[in-house]
Amino acid sequence: QVQLVESGGGLVQPGGSLRLSCAASGSIFSINTMGWYRQAPGKQRELVADTTTGGTANYADIVKGRFTISRDNAKNAVYLQMNSLKPEDTAVYYCKAQISTRQPTLYVTRHYWGQGTQVTVSS
């Protein structure tokens with residue numbers, strides 16, 4: 001069984017910073033893409049940023065220059081450094097990872113989601 005556990009959310013003033021962490025655990029054979037999504041009330045879940053095993057990062061235009069994604073492959077972890085936060089960044093942030101697990105006769109690859117962590121940007 002695989003689990004993704006996020007941490008680091010909270011309340012921050014506009015212009016402030018937060019760092020989100022996500023760690024994968026369980027019977028993991030390999031991890032490919034890891035990333036962060038967010039969902040604000042009444043809106044669809046959207047990609048914030050993701051990164052490949054080799055470290056190639058992809059960002060949503062609305063966070064470019066403010067957010068930085070990184071990962072530690074040895075720890076099966078991904079991080080999101082969020083700077084210059086705006087009220088419109090308020091959302092539940094979810095970690096997502098493409099993980100392969102070894103089954104008795106084959107490898108299975110699927111996407112896993114964390115439980116989400118609330119980020120609120122407000123004065």
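The values are calculated or read from the model by the stated rules, or taken from the named source; none is laboratory data. Quick caveat, the model's predicted, so the values are computed rather than measured. With ideal geometry, Cβ positions are generated from the backbone for all residues, glycine too; neighbour counts draw on all protein chains shown. Only protein heavy atoms, including side chains, enter the accessible area calculation; ligands, DNA and RNA are left aside. Shrake-Rupley method; radii C 1.70, N 1.55, O 1.52, S 1.80 Å.
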So if I take the alpha carbon set of region 1-111, get Rg, then get Rh from the Kirkwood formula, what is the Rg over Rh ratio?
1.00
With all protein chains modelled, accessible area of L106 [1.4 Å, Å²]:
90
How would K96, K86, K75 rank on accessible area, largest to smallest, probe 1.4 Å?
K75, K86, K96
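Using the heavy atoms of the protein chains alone and a 1.4 angstrom probe, what is the accessible area of the chain per residue in square angstrom?
Details: 6700 Å² over 123 residues.
Roughly 54 Å² per residue, with all protein chains present.
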Place a label point 7 angstrom from the Cα of N73 along the Cα-to-Cβ direction, then list the residues of region 17-48 whose backbone nitrogen is under 17 Å away.
24, 28-35
Could you work out how much longer the chain between F29 and K86 gets when fully extended? Use 0.36 nm per residue separation minus the Cα distance between them, nm to one decimal.
16.7 nm
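I need the calculated FRET efficiency for the pair T56 and S123, taking r as the beta carbon distance and R₀ as 35 Å, to the nearest 0.05. The partial results should precede the final answer.
On the way: r = 36 Å, r/R0 = 1.02.
The value I calculate is 0.45.
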Could you name the aspartates and glutamates in cross-link range of K64, using Cα to Cα under 13 Å and dropping any fewer than eight places away on the same chain?
D50, D89
Inter-label distance for E46 and K64, nm, one decimal - labels placed 7 Å from Cα along Cα-to-Cβ
1.4
Tell me the carbon and sulfur percent of the accessible area for region 22-123, rounded to whole percent, probe radius 1.4 Å.
47
Relative contact order (%) - criterion: Cα under 8 Å, at least six apart; region: the chain
36
For D50, solvent-accessible area (1.4 Å; no DNA, RNA or ligand), Å²:
30
Trypsin sites (Lys or Arg not before Pro), restricted to region 11-68: which are DSSP loop and have at most 16 other Cβ atoms within 10 Å?
K43, R45, K64, R66
Highest mean first, what order results for 114-123, 51-60 on Cβ atoms within 10 Å?
114-123, 51-60
